[in-house]
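First up is the structure itself, then whatever we jot down about it.
What follows draws every value from the coordinates through simple rules; no lab data is involved. Keep in mind the model is a prediction, meaning the values are calculated, not measured. Positions of Cβ are backbone-derived with ideal geometry, glycine not excepted, and every protein chain shown enters the neighbour counts.
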Amino acid sequence: MTGRGVLLELTDIRKTFRTGPAEIQVLCGANLQVGRGEFVALTGSSGSGKSTLLHIAGMLETCDSGSVLFGGEKVSEFSRSRRHNLRNRSFGFVFQLYHLLPELNVLENVLLPAMVAAPWYDALLRARPRKKEALELLEELGLAGRLSHRPAELSGGERQRVAIARALINKPAVLLADEPTGNLDPRTGQVIMDLLARLHTQLNQSILLVTHDAVVANRADRIVRLADGRVEPVSTAESK
Amino acid sequence: MYKLFLCFRYLTRKGIVAFPILAVWLCVMMLIIVNSIMTGFVNRVRDAGRGLMGDVVIESSDMAGFGHYRKLQSAINALPQVAASTPVITVYGLLNLPEWGDNRPVQIVGIDSVSKADVTDFRQSLFWQYKAPHQAVADLGGGGFPVSGRQLVARAKVLYNKALAVENRRQKRLLAMPPIPPHAWFYGMREHWRQIAHEDFEQSVYRLDRADRDLQFARGLPPPAVYKSAAALVAALVPRDPSFKPPPAAAYRYDNPKAEPKNGIIVGVDMGFYTRDRFGHYHRPQVVRFSPAILTVVPVTLKGTLTTPQSGRFMIVDDSHTKVFTVDRRTVYAPFKVVQKMAFMQRQDLLDGGVRPARCSQIQIRVHDDGNPAAVLAARQAIETVVDKFERNHPQMIMANVKVKTWDQMQAEFIHAVDKERDLITFLLGLMSLVVVVVIFLIFFMIVRDKTRDIGIIKAIGGSEFGVGSIFVLYGLLISAAGALPGLIGGVLFVRYDNQIHDDFLWRYFGISIWNRKIYVFSRIPDQVDSHAVAIIVLLAIVAGLVGALIPAMIAARQDPVEALRYE
């Protein structure tokens, strides 16, 4: 980390999966810090636990031991509703398989986190401003002409851009991206990474990106590698 | 808000939801139809029974009846709640039609025509004297129930307008056998269609014939101002009625002591003298009316033993359609005094110098405010007090097992049986409707499995367990409401047009006849939408949708988001 304040801090994270009698220890004392506005790439071989660590960081999954601090506060001590709120407002997820809701069109998919965030009366009162924000975001991502299309009618790159727009609609402090280019051809992957890098610069958001692609990882400020259940530093922006 | 939004999206964009909606729709519709028809049936039976016996009845369960009924009647008539009362005698006997060689056991009811008309709807149940007014005019000359000139004119005006409408239609449309429609392509349907066309033709002829007669009668009416009394009306109208063929002199006068045979009798419409068509109309051959009949009464002594049967000559002057089949099938009405005498229930001077008072079987009473059940019950209470007091003051009166009952209590056994039957059928169909819960459960289970990844996504963007569960509960609610609403509308509309659907669609196009009017007492399918029951049915349907969605919603709420996102 490079002198910025720590936003997300994972300390001594341990996680074991049990499949019948077999136990697989995926994380054994992993430590990771993500600073405010920092772009961190988490690499590692397949099955090394990258996605698990990302999910623990985003509170989608719990760890067996260790602690997750967000803004200096221990999230395990948060109430359930505060965790939901935090996940909704402070984290944005981008998945390898996009995970868009097939029944909703592009605009609706992007607006969904905003709707989750807003109480019903707020959703009614602030529907127009949120819609305007979503339209601006989609325009910026080059999807202005695809608003009423459903995910099945979009290409892979377009779907991933919609997923990014959805992740950004609530202006989260951290963007958690799980191999966002893994399902795309190199050229489209490059476009998506350019987009992430641009947004990172513009919005000064922290990004924790999981990838096993060295080219993608190289776009980050800092690269860390997960091996044998522990996080090891690989490089920093200064060393690159 | 997002929960409702997602519910609507799932509802409008997932075709599979059509099945639970359809299941709820059909169940709600079926329950409303069954409940309404059963309610209509119960109420029609109830109304018919009430029209038959008045509001309150004093009756003796002993066939010997009870005495001093006139004094009792006077005491009851003095009550402020009582509007009118009439004595009735019920005995058993035989009806013999010598010209037909027909002999059958009957219940003979002795009635006083004037007071009976004040208490019950009996007059309205008579065909010739009430439903065919031009004949009633004729009958006024020969006796019968009183029909005022004003009533007759009002009725004639209605018939006149109706007849004019039919006349106009007839002139516009040529009466012909309708062509066989293209859909009746197979042999059975062609035959069925021919039968329908034939029946339609007969029906038109029948209606036109009746309208013609009514029209002729109505056209012959002088201005109403002419009439000062029913007698004046008769005098004015009888010569002008071309269809009127006067009965031979006063021979057929009802209750005319000089006539031979002396008295008229009224027979129940379902005694088998008439045929009934598919539309529920009775076809009355002219030979029945004015047929001579021999009525034999089997009297019962005060000790309850039979004594010498008494026979007398009568003439059938009318038929009564009370709409209570058991009554219309076996009841013959004769003048009260005549029956009383034949049953040995008249005043008798005894050998020891004493007097045995005249008796009757029932006193039927009409009360003021008869539409109010509480008022009827209060009147019954007052009448019972009078009867008790009367019994104490007249210890010598023959009064065995006299009871005072309201019309509702009189027919309680039958009505309550039908009521229970309605509840039972609705309950059984309601149980069958549990299928709806199972259908919704299974489809929701499938939807939750299908939407596993969506659940993961919703949780990843901050949706709570409660929020995800609520989506599916709301979804169940919307589906059941989306099914219940058209079910409600469809059910009510079906009930509204059930007779047309039965006659003009099921019978006409498929030859299916569920409500056979040749068999049932009511010529139309009885129906009455009970708003209370309908509200309960709709509410239960919505609850059923919620119950069906509840377990899948709980499964969805507990779904682990990471596993859900990995779900393939």
Item to complete: Take the eigenvalues of the Cα gyration tensor for segment B:341-468, scale each by 5, and report the square roots as semi-axes in whole Å, largest first.
Response: 72, 18, 10
Worksheet, complete the sentence: Counting other chain Cβ atoms within 10 Å of each Cβ in A:107-117 and taking the mean gives 4
Worksheet item: Given segment A:6-236, what whole percent of its Cα pairs are spread farther than 32 Å?
Response: 19 percent
Worksheet, complete the sentence: Inverse of <1/r> over all distinct C-alpha pairs of segment B:1-110, i.e. the Kirkwood Rh in Å, gives 20.9 Å
Fill in: Entries in A:Lys50/A:Lys132; B:Lys303/B:Lys323; B:Lys71/B:Lys116; A:Lys50/B:Lys3 that, when Cα-Cα distance is taken, lie over 27 Å
A:Lys50/A:Lys132; B:Lys303/B:Lys323; A:Lys50/B:Lys3
Worksheet item: Which peptide among B:495-505, B:449-459 comes first, and what is the full order, when sorted by highest mean count of other Cβ atoms within 10 Å?
Response: B:449-459, B:495-505
Worksheet item: How long are the three semi-axes of the equivalent ellipsoid for segment B:416-568, computed from the Cα gyration tensor as the root of 5 times each eigenvalue, in whole Å, largest first?
Response: 44, 16, 12
Worksheet item: Along the charge dipole of segment A:6-236, which of A:Pro172, A:Ala114, A:Ser48 sits closest to the positive end, that is, farthest toward it, with unit charges on the beta carbon of Lys, Arg, Asp and Glu (+1, +1, -1, -1)?
Response: A:Ala114
Worksheet entry | Inter-chain shielding of B:461-472 (mean C-beta neighbours from other protein chains, 10 Å cut-off) | 5
Item to complete: Give the Debye-formula value of log10 I(q)/I(0) at each listed q (0.13, 0.15, 0.19 Å⁻¹), with one equal scatterer per alpha carbon of segment A:102-191, two decimals each.
Response: -0.43, -0.57, -0.89
Worksheet item: If the viscosity is 0.692 mPa s and the temperature 37 °C, what Stokes-Einstein diffusion coefficient in µm²/s follows for segment A:1-131 when Rh is the Kirkwood radius over Cα pairs?
Response: 193 µm²/s
Response to the item:
Descending packing, highest mean Cβ count within 10 Å first, for A:176-183, A:161-168, A:66-73 is A:161-168, A:176-183, A:66-73
Worksheet item: In peptide A:57-65, what is the residue-averaged number of other protein chain Cβ atoms found within 10 Å of each Cβ?
Response: 2
Worksheet item: In segment B:13-50, which residues have a backbone nitrogen under 19 Å from the label point lying 7 Å from B:Ile501's Cα in the Cα-to-Cβ direction?
Response: B:21-42
Discussion item. I'd like to compare A:18-30, B:536-548, A:35-47, B:292-304: which one has the highest average count of other Cβ atoms within 10 Å, and what's the full order after that?
Written reply: B:536-548, A:35-47, B:292-304, A:18-30
